[in-house]
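Undergrad: Here's a structure for you.
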Amino acid sequence: MSDFRDHPTNLRSGEELNAAALEPYLRKHFPEITGALEIHQYPAGHSNLTYSLQLGAKELVLRRPPFGSKVKSAHDMSREFRVLSKLHSVYSPAPEVFLYCDDDSVIGAPFYVMQPVHGIILRRELPHGLDFSAEKARRLSESFIDNLVRLHRVDYPAAGLADLGKPEGYLERQVRGWTERYHGSKTHDYPEVEKIGAWMQQHLPPTTSVSLIHNDYKYDNVVLDPSDITRIVGVLDWEMCTIGDSLTDLGTALAYWVDKTDPQEIQENRWGPTTEKGSFTRAEIAHYYAQKTSSDVSHIAFYLAFARFKLAIIVQQIYFRYHQGLTKDARFAAMPATIQMLLRASLDTAQSGRI
């Protein structure tokens with residue numbers, strides 16, 4: 001049987017960990033484990049970095065901020081650790097965490113260590129040979145939204161996460177904050193930014209539902225059961241989790257979801273196999289979510305326009321590190337084209353009202 005699970009690979013140049021300092025630190029916290037430390041890196045992802053640690057027979061996962069990042073609020077390891085330490089017991093797809101370290105002398109940055117979540121992660125192209133029939137694609141589309149609904153139903157005050165965010169005025173702060181982040185990491189002039197910003201200020205919808213939100217919910221942040229790829233066993237990358245307008249989470253999922261009828265430039269920036277036969281369309285996702293939650297999604301075009309705008313700024317912040325020479329990851333060189341595409345798509349959604 002083919003193994004389609006996600007596996008770590010060799011360390012990227014410039015992103016190595018200080019094994020000489022990390023190993024004794026880990027042994028202090030896991031004194032019962034013997035055997036050498038081996039470190040590998042998960043190659044996907046553009047923000048926080050994820051490593052596989054093999055300490056003797058014990059397998060662990062380490063998360064740390066990207067090298068060269070100056071945006072500390074976007075890579076708060078202690079916050080991410082705190083979220084997961086409280087969330088795992090009430091929402092099992094969130095990974096179990098073991099320890100947090102804020103001593104920069106260990107690897108040069110704060111980090112935390114968690115339990116691995118093994119399974120299949122779907123990215124732009126399906127793994128060769130994976131059975132992804134139209135029926136499975138549709139069932140996974142349903143599971144993808146069912147799992148988001150499950151997260152939005154978490155009793156976050158009971159879980160001890162009520163202080164994670166301030167839902168009052170959330171949307172207004174988000175629009176203003178992401179616009180400011182663009183100007184703080186600006187490398188190119190994108191005229192769409194001012195147009196989208198003005199439109200969003202004028203069309204802010206009322207918030208009708210507040211919940212715990214993941215804020216980066218997409219196919220390559222969910223882990224699938226190898227024996228049933230329509231079942232989600234894990235959700236990764238909780239760095240932007242907060243309390244806020246539930247529909248912003250749905251909007252983010254829609255922003256990552258490419259329809260087979262989308263323009264070619266959007267097709268070329270597809271994040272997952274969402275155009276496979278049987279997959280929901282964005283409109284079907286919004287309708288299914290509304291059915292499951294009784295939510296009013298009449299303003300969903302706003303949430304999609306905002307999500308595409310936010311994604312453009314996130315990519316801009318990543319590209320800014322590359323532009324400044326703070327990272328040498330060659331994947332970042334082509335990011336201006338992606339930023340331009342997302343801004344055009346955001347403005348088109350704003351002006352047309354179509355999702």
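Undergrad: Is it true that some residue in the range 254-274 is open to solvent by 20 Å² or more (accessible area, probe 1.4 Å), at pLDDT below 95 and among the small types (Gly, Ala, Ser)?
TA: Checked against the condition, which is being open to solvent by 20 Å² or more (accessible area, probe 1.4 Å), at pLDDT below 95 and among the small types (Gly, Ala, Ser), the range 254-274 yields no hits at all.
Undergrad: Tally the residues that are over 19 Å from Met200 (Cβ atoms) and open to solvent by 50 Å² or more (accessible area, probe 1.4 Å), restricting the search to the range 337-348.
TA: So the count comes out to 1.
Undergrad: Report the residue count in the range 60-104 for those that are in contact with a Ser or Thr (Cβ under 7 Å, 6 or more places away or on another chain), modelled with pLDDT of 90 or more and open to solvent by 30 Å² or more (accessible area, probe 1.4 Å).
TA: Selection size over the range 60-104: 2.
Undergrad: While we're here: The conditions are (1) part of a helix (DSSP H, G or I); (2) in contact with a helix residue (DSSP H, G or I) (Cβ under 9 Å, 6 or more places away or on another chain), and Val258 fails exactly one of them. Which is it?
TA: Condition not satisfied by Val258: (1).
Undergrad: Considering only residues of the range 159-215 that are among the charged types (D, E, K, R) and in a loop (DSSP other than H, G, I, E, B), which is least open to solvent (accessible area, probe 1.4 Å)?
TA: This residue is Lys186.
Undergrad: While we're looking at this one, here's another question. For Ala334, all conditions in the list (1) aliphatic (A, V, I, L, M); (2) surrounded by fewer than 22 Cβ atoms within 10 Å (Cβ to Cβ); (3) touching a Ser or Thr at 6+ places or on another chain (Cβ under 9 Å) hold save one; what is the number of the exception?
TA: So Ala334 meets the others, but not (3).
Undergrad: To continue, here is another question. Determine whether Ile107 is crowded, with 19+ Cβ neighbours inside 10 Å and more than 17 Å from the chain's Cα centre (by Cα).
TA: Judged against the criteria, Ile107 is a match.
Undergrad: Thr34 passes all but one of (1) in a loop (DSSP other than H, G, I, E, B); (2) of a type outside the set (Lys, Arg); (3) within 22 Å of Asp237 (Cβ to Cβ); which number fails?
TA: (3)
Undergrad: Hey, another quick one. Among the residues of the range 55-68, is any in a loop (DSSP other than H, G, I, E, B), out of contact with any helix residue (DSSP H, G or I) (no Cβ under 8 Å at 6 or more places or on another chain) and acidic (Asp, Glu)?
TA: Checked against the condition, which is being in a loop (DSSP other than H, G, I, E, B), out of contact with any helix residue (DSSP H, G or I) (no Cβ under 8 Å at 6 or more places or on another chain) and acidic (Asp, Glu), the range 55-68 yields no hits at all.
The values are calculated or read from the model by the stated rules, or taken from the named source; none is laboratory data. This is a predicted model, so every value here is computed, not measured. Every residue, glycine as well, gets a Cβ built from its backbone with ideal geometry; the counts of neighbours run over all protein chains shown. These area figures cover heavy atoms from the full protein model, side chains too; ligands, DNA and RNA do not enter into them. Shrake-Rupley method; radii C 1.70, N 1.55, O 1.52, S 1.80 Å.
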